[in-house]
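Colleague: After the structure tokens below, expect a handful of questions from me.
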Amino acid sequence: MNIEIYTVVNTAHNLMTHGKGILAADESFSTIAKRFKKVNLDSTPELRRVYREMLFTAPDLERYISGVIMFDETIRQRSSQGVPFATLLRERGIIPGIKVDLGTKPLPFFPQEKFTAGLDGLEERLTEYRELGARFTKWRAVFKIGDTTPSIECIKANIAALVRYAALSQQAQLVPIVEPEILMEGSHDMESCEYHTRRICSLLFNELVNNRVVLEGLILKPNMILPGKNSEQSAGADEIGAATVRVLNRTVAPAVCGIAFLSGGQSSVSATENLNAINSMGKSSPWSLTFSFSRALQEQPLSVWRGREEKIKEAQSAFIYRARCASAASSGNYSSALEEHK
Ligand code: 5MM
């Protein structure tokens, strides 16, 4: 292994520090606008800056969070003291990261499916992001389960982009977080989610290995195995934990540095309970199994804050509380009793 890739592997290990997870604060303009709208806020650059500053300066954040994924606008913004966010995070011992995909576009000739854009000019953007302080990156591909989806064509197109992105990131000395997300939207059952996750992950790792991506310097960000939101099936945390660990054990190479789950629209408590069950079931798995949540960490602080300066401290406490619960779940030590002692 050459010295450059050693740096990447080392960063990946630091991101997977036991008891810590990753905060996904990489909402694009349209997603943050949707989140703000729910609490009757307009999405302006200054409000987005204030909101992210509230998250990044929360007391004790570094005890639970190893890295933060930012959006292009955010990595260029500064705290009210004039400190660039990447510097502020680094000074707290938190690794700055950046979402580098450019969002999803309709996949031509496959009307219900999406393709993630962003490979054009990526090499140059990666160099700039490294200069701005990023040490890891993220790229998300999205798959929806339906009668005829995800199609093999959609899977192959998205995997090819994920693999190229991962290789380019490592070449730029940045750790890639590879996120193939099967959406919860839909009426599919859990078995179907397991089947498609298995299909996607096995093809993904085959291609990553063939393209010489260094698995020790890569983090996987998968969905948990869940029934669709509109399915009538209900599943307990143990069942979800067992299915999720089973599919990962069958498809993810042991050399991979770690696995950090997305929350996917589950409630904060469900995502935490399920992560805890995954850790209980996955005690002998070769990787750390942690979180890279966005909504499951941010929903509560956002609804406390609602843009009000006087609520910043209270919102930060709500945020840190969720981060502490997720951290406990990442080592299988979360219990619902914790929710009663906020
Ligand atoms: C914050 O959401 C990210 C994607 O946002 P855009 O659609 O706005 O680009 C997303 O990649 C996020 O990092 C993950 O899906 C995890 O978020 P959740 O809310 O699923 O934990």
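The values are calculated or read from the model by the stated rules, or taken from the named source; none is laboratory data. The structure presented is a predicted model; accordingly, all values stated were derived computationally and were not measured. Virtual Cβ from ideal backbone geometry, glycine too; neighbours counted across all protein chains shown.
Colleague: Report, ordered by the first and then the second residue, all pairs with beta carbons closer than 6 Å, sequence separation of six or more or different chains, a first member in the range 41-56 that is surrounded by fewer than 19 Cβ atoms within 10 Å (Cβ to Cβ), and a second member that is part of a helix (DSSP H, G or I).
Modeller: Ser43/Ile32; Ser43/Ala33; Ser43/Phe36
Colleague: Within the range 108-147, how many residues turn out to be in a loop (DSSP other than H, G, I, E, B), closer than 28 Å to Asn230 by Cα and under 22 Å from the mean Cα position of the chain (by Cα)?
Modeller: Result for the range 108-147: 2.
Colleague: Looking at the range 265-289, which of the residues that are among the aliphatic types (A, V, I, L, M) and within 12 Å of the ligand (Cβ to nearest atom) is surrounded by the most Cβ atoms within 10 Å (Cβ to Cβ)?
Modeller: So the residue we want is Leu275.
Colleague: Out of (1) within 27 Å of Asp26 (Cα to Cα); (2) assigned to a helix (DSSP H, G or I), what's the single condition that is false for Ile259?
Modeller: (2)
Colleague: Can I ask one more? Within the range 198-231, which residues are of a type in the set (A, V, I, L, M) and in a helix (DSSP H, G or I)?
Modeller: Ile200, Leu203, Leu204, Leu208, Val209, Leu215, listed by residue number.
Colleague: Turning to a different aspect of this structure: Identify, please: which residue in the range 290-316 is closer than 14 Å to Pro59 by Cβ and in contact (Cβ under 8 Å) with a residue 24 or more places away in the chain and is, among those, nearest to the ligand (Cβ to nearest atom)?
Modeller: Among residues in the range 290-316 that are closer than 14 Å to Pro59 by Cβ and in contact (Cβ under 8 Å) with a residue 24 or more places away in the chain, the one nearest to the ligand (Cβ to nearest atom) is Pro301.
Colleague: Give me the pairs: first residue in the range 3-17 and over 11 Å from Leu174 (Cβ atoms), second residue part of a helix (DSSP H, G or I), beta-carbon distance under 8 Å, and six or more apart or on different chains, which are they?
Modeller: Ile5/Gln170; Ile5/Gly217; Val9/Glu216; Val9/Gly217
Colleague: Given the structure, is Glu310 acidic (Asp, Glu), surrounded by fewer than 20 Cβ atoms within 10 Å (Cβ to Cβ) and part of a helix (DSSP H, G or I)?
Modeller: Criteria met by Glu310.
Colleague: Hey, another quick one. Take Pro96 and tell me if it is in contact with a Leu (Cβ under 7 Å, 6 or more places away or on another chain), in a strand (DSSP E or B) and either farther than 24 Å from Leu183 by Cα or at pLDDT below 95 (or both).
Modeller: For Pro96, the condition - in contact with a Leu (Cβ under 7 Å, 6 or more places away or on another chain), in a strand (DSSP E or B) and either farther than 24 Å from Leu183 by Cα or at pLDDT below 95 (or both) - is met.
Colleague: Still on this structure, I have one more. Filter the range 229-263 down to the residues that are of a type outside the set (A, V, I, L, M, F, W, C) and under 20 Å from Ala328 (Cβ atoms), then identify the one that is nearest to the ligand (Cβ to nearest atom).
Modeller: Filtering first and then ranking leaves Ser263.
Colleague: Just give me the residues in the range 148-197 being of a type in the set (Gly, Ala, Ser), part of a loop (DSSP other than H, G, I, E, B) and within 16 Å of the ligand (Cβ to nearest atom), in sequence order.
Modeller: The one that is of a type in the set (Gly, Ala, Ser), part of a loop (DSSP other than H, G, I, E, B) and within 16 Å of the ligand (Cβ to nearest atom): Gly186.
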